[in-house]
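Encoded as structure tokens, the structure appears first; notes follow it.
The values are calculated or read from the model by the stated rules, or taken from the named source; none is laboratory data. Treat the numbers as computed from the prediction; the structure is a model and nothing was measured. Because the Cβ atoms are built from the backbone with ideal geometry, glycine has one as well, and the counts that use them run over all protein chains shown. For the accessible areas, the whole protein counts, side chains as well, though only heavy atoms, and no ligand, DNA or RNA atoms are used. Shrake-Rupley method; radii C 1.70, N 1.55, O 1.52, S 1.80 Å.
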Amino acid sequence: MEFHARIGSTNDRARALMREESPAPALVVADRQSAGKGRRGRHWHSDTSSGLWFTVVRSAAEGGAEVLPLRAGLAAARGIEAAVPGLSIALKWPNDLFANGRKLGGVLCERAGEWVLVGIGLNLNQRRDELPSGLTPPATSVALETGHAATRGRVLAAVMDALHPVWSRPGPPIPPDELAELQSRSLLNGRSLSVDGVVRHSSHGPRTVEGLSATAVRLCSDGSLEVRVDAGTRLRVVAGSVVLK
């Protein structure tokens with residue numbers, strides 16, 4: 001385990017540890033990240049000690065890389081709720097955590113040879129003026145949603161405990177009980193979406209789409225999102241991102 005006052009990115013440090021042939025599993029935690037990363041090369045605003053920023057390193061064979069973003073997101077939701085009673089966490093495919101319609105955190109999974117890096121960033125005690133403005137959907141923190149500060153160590157311990165089934169019950173597929181809970185927590189159920197990414201249909205191979213108008217149907221055990229396009233055809237989004245209309 002490593003704890004840093006300030007580094008560029010916990011995922012980057014975890015990757016470096018594996019290049020140094022450090023043993024895994026491993027955990028890297030930072031008070032601040034000067035170069036926090038989100039999906040698709042986006043910047044994650046995390047140069048503050050008011051949040052929780054950490055990366056867990058495990059064998060790629062343990063958790064099933066294809067479904068890790070969803071399963072790790074579910075574990076983070078469970079951990080937050082265990083540490084902060086009264087707060088309800090929703091999930092947005094493929095890797096975002098929400099509270100009351102506002103973004104609370106996210107998961108970034110990356111491969112590093114035989115290892116997988118599970119980076120988790122959670123907004124805990126930020127004030128409104130500490131969060132980036134102009135985002136759609138807007139950002140929030142545990143403190144803003146509950147009116148009380150969260151203890152970072154308690155949340156970290158609870159999330160690490162909640163991650164245990166991910167390693168002890170490797171996928172894919174996503175275990176049925178987890179899939180049912182993911183579906184119940186999904187922010188997308190029945191919602192109209194715009195899809196950018198790779199979609200698949202049973203009668204033909206994958207294709208790339210941009211701005212595809214669709215309606216969310218369900219989460220699938222392989223980690224994909226099933227959607228219904230305006231013509232009624234059902235597709236599975238296997239990679240990319242979705243925006244609520």
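Applying the criterion of being surrounded by fewer than 17 Cβ atoms within 10 Å (Cβ to Cβ) and of a type in the set (D, E, K, R) to the residues of region 1-31, the residue that is modelled with the lowest pLDDT is E21.
Those helices (runs of 4 or more DSSP H) of region 61-176 in which 2 or more residues are within 25 Å of V242 (Cβ to Cβ), in contact (Cβ under 8 Å) with a residue 40 or more places away in the chain and open to solvent by less than 10 Å² (accessible area, probe 1.4 Å) occupy 68-83.
Yes/no matrix, rows are residues, columns are (1) within 18 Å of R58 (Cα to Cα); (2) outside any helix (DSSP H, G or I):
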residue: R6; (1), (2): no, yes
residue: R13; (1), (2): yes, no
residue: A16; (1), (2): yes, no
residue: A24; (1), (2): yes, yes
residue: L27; (1), (2): yes, yes
residue: D31; (1), (2): no, yes
residue: A35; (1), (2): no, yes
residue: H45; (1), (2): no, yes
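Would it be correct to say that P206 is in contact with a helix residue (DSSP H, G or I) (Cβ under 7 Å, 6 or more places away or on another chain), at pLDDT below 95 and not charged (D, E, K, R)?
Values: in contact with a helix residue (DSSP H, G or I) (Cβ under 7 Å, 6 or more places away or on another chain): no; at pLDDT below 95: yes; not charged (D, E, K, R): yes.
Judged against the criteria, P206 is not a match.
Please specify each residue of region 26-46 satisfying the condition of being in contact (Cβ under 8 Å) with a residue 40 or more places away in the chain and farther than 19 Å from D96 by Cβ. Selection gives L27, V29.
Quick check, is P170 closer than 30 Å to A26 by Cβ and either touching a His at 6+ places or on another chain (Cβ under 6 Å) or hydroxyl-bearing (S, T, Y) (or both)? Write out each step before concluding.
Numbers: closer than 30 Å to A26 by Cβ: yes; either touching a His at 6+ places or on another chain (Cβ under 6 Å) or hydroxyl-bearing (S, T, Y) (or both): no.
No; evaluated as a whole, the condition is false for this residue.
Of the residues making up region 212-225, those that are open to solvent by 20 Å² or more (accessible area, probe 1.4 Å) and within 22 Å of the chain's Cα centre (by Cα) number 5. Of the residues V238, V195, V242, the single one that is open to solvent by less than 20 Å² (accessible area, probe 1.4 Å), within 14 Å of L70 (Cβ to Cβ) and not in a helix (DSSP H, G or I) is V242.
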